[in-house]
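The values are calculated or read from the model by the stated rules, or taken from the named source; none is laboratory data. The structure displayed is predicted, hence computed values, not measured ones. Backbone-built Cβ (ideal geometry, glycine too); neighbour counts: all protein chains shown. What goes into the accessible areas is simple: the full protein's heavy atoms, side chains included, and nothing from ligands, DNA or RNA. Shrake-Rupley method; radii C 1.70, N 1.55, O 1.52, S 1.80 Å.
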Amino acid sequence: MKALILSGGKGTRLRPLTYTGAKQLVPVANKPILWYGIEALVKAGITDIGIIISPETGIEIQNKTGDGSIFGASITYILQDSPDGLAHAVKIAQPFLGDSPFVMYLGDNLIADELSQYLEEFKTKNLDALILLRKVSNPSAFGVAKINAEGEVLELVEKPQNPPSNLALVGIYFFSPLIHHAIAKLKPSARGELEITDAIQCLLVEQKLVCARQLKNWWLDTGKKDDLLEANRIILDTNLTTENLSNIEDNSQIIGRVKIGQNTKIINSTVRGPVIIGDNCYLENCFIGPYSSIANNVKLSEADLEHSVILESAEVIGIQQRIVDSVIGQRAKIYLALKRPKAVSFMIGDDSQIELT
C-alpha cells in the first residue's frame, strides 16, 4: 500500500501568508499542516509516500520535510507543473504508484479519525474505491456524494449548484489500481481540470465497488484563516502535553497545559494554556491566553494575545489592546504608534511590517 499526498496549489484563501510560502507548511500548534497527514499515514502502516509539489513551493516543502526519515517513512517528490486537477496529480504519479493500491490525501486536511479502520475495510472488502465523507453546511463548496443505506456511492458531483446531499468529500480516498484506467478516459471539466470525482463516477458507471464512510470525529480543511485557527484550537485542546524546557522567571505565571521550547525567556508574564511556545522566544510583560501558538524566535513585549497563531521570528511590541483571532506571518512586525484603534484583529503575511496610528 502506498500513499499520495497532494501538496501543490497556490493557497489563495490563505493569502497573504501564502504569497511567500506553501499553505501546507503553515503551522498548527507549531507543526506544519502537511506533517499531520504524513504522521497519520505512517501510524496506519503506510510508509512509502509520494508528495505532489508545485514549481512555486516544491523546494520549500522538500527542504522542510526531507526524505521522510524523521517520520519513519520514505518520501518521493513528484512535480506537477500546473494545477490541472486531483486526477491529473494521480496521473503524473502513476510511475511512482505502479500497480499498488494507494491512499490519496490532500495535504491541507486534518482529521481526528485514525486511518487504519478505513484501510482495513478497504482491504477486507477488496474495494475499488473508498471515500471519506463529512456532513457540511455549505455542500456547494465541495465535491458531494449521494449514497444509499449500505454506504454504497450512487453519485458524485463536483461543487454542484444543487447538491444531492450535504455529504462532502473530505479529501482522503482509498483506490485500487483501476482508478488509473478511469483517469485515462477523462477529459477536462468546465473549469479545465481532470476531476477525481469524474474518475470515481466512471468507476460507478462500470459497476465497480465504490463505498463511502462518514467520519466519526472532526475534519478541518485549513484553507482559510478561521479554519486554521479552529484547527489550532482543536489540536491544542486534544494533543498538547505540558513540557517546559526553559527557565521561567519567578515573576511569571504558567497556568494549565503549556509547552515551552528551549532557550525561551519569559519575564513578568502570564501564560494560560493550552498554549505552545517554541524555542528561542522572548516574552516580557505579556499575557498569553488560551489556544495560542507561538513559533520559534518570536519576540513579544507588552502584548496581550489569545486564540492566535504567531509564526516564526515575528515581533509584537507595545500593543496594549488584546489581539484575538489573528494569524501573524513570519518576520512580521507590529508595534504601537502614538495613536491606536480601539480593537485590532490581524491576518498578516510574511515579511510584513505594520504601524498602528
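What the Cβ-Cβ distance of Gln253 and Glu60 gives, at R0 = 41 Å and to the nearest 0.05, is a FRET efficiency of 0.65.
Quick check: at a probe of 1.4 Å, how many percent of the accessible area of the chain sits on carbon and sulfur atoms?
On the way: 7180 of 15690 Å².
Answer for the chain: carbon and sulfur cover 46 percent of the accessible area.
Taken over the stretch 208-304, the alpha-carbon convex hull comes to 125 cubic angstrom per residue. Shown here for the stretch 188-276: trypsin sites (Lys or Arg not before Pro) in loop regions (DSSP other than H, G, I, E, B) with at most 15 other Cβ atoms within 10 Å, namely Arg191, Lys216, Lys224. The label-point distance for Leu356 and Thr76, in a model that sets each label 7 Å from Cα toward Cβ, rounds to 5.1 nm. Between Ser116 and Ile92, the simple label model (points 7 Å from Cα in the Cβ direction) yields a spacing of 3.5 nm.
Could you do me a favour and compute the accessible area per residue for the chain, 1.4 Å probe, result in Å²?
Values: 15690 Å² over 357 residues.
Result: 44 Å² of accessible area for each residue.
Net charge within 12 Å of Leu300 by Cβ-Cβ distance, Lys/Arg positive one each and Asp/Glu negative one each, not counting Leu300 itself?
Working: positive: Lys265, Lys299, Lys333; negative: Glu284, Glu302, Asp304, Glu315.
Net charge in that neighbourhood comes out at -1.
At what distance in nm do the modelled label points of Gln262 and Glu155 sit from each other, each positioned 7 Å from its Cα along Cα→Cβ? Simple spin-label model gives 5.8 nm for this pair. Helix 33-43 axis versus longest C-alpha principal axis of the chain: approximately 60°, rounded to the nearest ten.
Restricting the stretch 66-145 to GluC sites (Glu not before Pro) that sit in a DSSP loop and have at most 13 other Cβ atoms within 10 Å of their own Cβ leaves Glu114.
Suppose the chain between Asn244 and Leu209 were pulled fully straight at 0.36 nm per residue; how much longer would it get relative to their current alpha carbon spacing?
Working: separation 35, 0.36 × 35 = 12.60 nm, distance 5.09 nm.
Here the answer is 7.5 nm.
Checking the a/c ratio against 1.5 first, then a/b against b/c, what shape does the Cα gyration tensor give for the chain?
Numbers: a/c = 2.15, a/b = 2.01, b/c = 1.07.
Because a/c hits 1.5 or more and a/b exceeds b/c, the chain counts as prolate.
A cut-off under 12 angstrom between Cβ atoms defines the neighbours of Leu97, and their net charge, with Lys, Arg +1 and Asp, Glu -1, is 0. Only DSSP H runs of four or more residues enter the estimate; each adds -39500 (n - 2.57), and after division by the residues of the chain the mean residue ellipticity at 222 nm equals -5500 deg cm²/dmol. Classify the stretch 6-139 as rounded, prolate or oblate from the Cα gyration tensor: take a ≥ b ≥ c as the square roots of its eigenvalues, call it rounded if a/c is under 1.5, otherwise prolate when a/b beats b/c and oblate if not. Taking the square roots of the gyration eigenvalues as a ≥ b ≥ c, the stretch 6-139 is rounded.
Calculate, for Met1 and Lys185, the FRET efficiency according to 1/(1 + (r/R0)^6) with r their C-beta to C-beta distance and R0 22 Å; round to the nearest 0.05. Could you put the intermediate results ahead of the total?
Working: r = 25 Å, r/R0 = 1.12.
The computed FRET efficiency comes out at 0.35.
Per residue, the convex hull spanned by the Cα atoms of the stretch 118-231 measures out at 118 cubic angstrom.
Of all beta bridges that DSSP places with both ends in the chain, some 25 percent have antiparallel geometry.
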